[in-house]
Amino acid sequence: MRFLSRPLLLLLATLTTLALAIVSISGMALFPRLAHAQPASPTQHSTLPITTLTIGLYSVNAEVASREADRQQGLMHRTSLGPNDGMLFVFDENAQHCFWMKNTKLALSIAFIDESGIITDIAEMKPETTENHCPRRAGRYALEMNQGWFAAKGIKPGTAIRGLP
């Protein structure tokens, strides 16, 4: 059995520590999100693009859910929504798109919007329910806001929305 001398052991330990430090630092540089990664919680949400919509005299900051996965997630698990914040659902096809509130903790109002940007229907939706909310006519958009937002602003079917993508 052969033993290493003390200076050689110290050199080997130093090089190993240095190599591990380099791998650790380069890993953070290659994967910066992992450096401060936190486990996802149900209240966290993905960062979606935000657009400003104009409805009558009011401005709305709307997250845009245009991909299927984003539309399916919607506002599920959210615990709050700003007073003039909402989520705009953008569909590829003009159809009667229905919504439900499974895993959605917020009471919401939804405006169904046709291709030309006109609100066709507004529905009030209770949290944590699986009741379907469907428009009477085909549309390409839907805008979810805090419950009562449209009524409080006097916004009704027939109102135009500007700024739709």
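Numbers for the structure displayed
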quantity: Some residue of the stretch 140-151 being exposed (fewer than 14 other Cβ atoms within 10 Å of the Cβ), assigned to a loop (DSSP other than H, G, I, E, B) and either small (G, A, S) or in contact with a strand residue (DSSP E or B) (Cβ under 9 Å, 6 or more places away or on another chain) (or both); calculated: yes
quantity: Top-ranked residue in the stretch 94-121 [being more than 14 Å from L75 (Cβ to Cβ) and of a type in the set (V, I, T); ranked as surrounded by the fewest Cβ atoms within 10 Å (Cβ to Cβ)]; calculated: I118
quantity: Test: residue in the stretch 106-117 that is in contact (Cβ under 8 Å) with a residue 40 or more places away in the chain, farther than 24 Å from A160 by Cα and not hydroxyl-bearing (S, T, Y); calculated: yes
quantity: Of all residues making up the stretch 68-93, the number that are surrounded by 13 or more Cβ atoms within 10 Å (Cβ to Cβ) and assigned to a loop (DSSP other than H, G, I, E, B); calculated: 7
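The numbers here are math on the coordinates, done by the rules we state, and not lab data. Note that the structure is predicted; figures quoted are calculated from it, not measured. Positions of Cβ are backbone-derived with ideal geometry, glycine not excepted, and every protein chain shown enters the neighbour counts.
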